[in-house]
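Peer 1: The structure is given below, and queries will be raised subsequently.
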Amino acid sequence: MAGPAFAPDMELHTPAGTVRLAGLTGTARPLLLDMTEDASVAGELAQWHDQVDVVIAEDRSPAPAATALLLRPDCYVAWASDSPRPDAADLDALRTATQRWFGDAEPPATARKPYERREGR
């Protein structure tokens, strides 16, 4: 994909079945769409798992525009790759874009103690 753009709607084949990209973006959360040959991009954002949804899919269109997309909640492309196996520079750019748009990776949420009623209250 050349230059800034909104992601086009496309039919995707996932382990759960066939879906349209528009259906995956209804949560209004950031989305990493990994369509690489070996799903090599999906694990790159493990530190952001609470902040970014990750979907591994296959785009079977005749001329796919990208092999991996990082989408903002408004479907604007924050990062894209057209490489079947993105290299270290591509993956570094992915992490940089993720941090720029969605902030630092957050540690997993810690469990809160349930509310306890105290005497005299």
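Laboratory data are not the source of any read-out in this text; all were calculated from the coordinates shown. Remember, predicted model here, so these are calculated numbers, not experimental data. Don't worry about glycine lacking a Cβ; one is built from the backbone with ideal geometry, like all the others, and counts go over all protein chains shown.
Peer 1: Which value, to two decimals, describes the C-alpha radius of gyration of the stretch 11-100 once divided by 2.2 N^0.38 Å?
Peer 2: Output field value: 0.99.
Peer 1: Order of Thr14, Thr27, Thr98, Thr36 from fewest to most other C-beta atoms within 10 Å?
Peer 2: Listed from fewest to most nearby Cβ atoms, that is Thr27, Thr14, Thr36, Thr98.
Peer 1: Taking neighbour counts of Cβ atoms within 10 Å as a proxy for exposure, in what order, fewest first, do Trp79, Trp48 appear?
Peer 2: Going from sparsest to densest Cβ surroundings: Trp48, Trp79.
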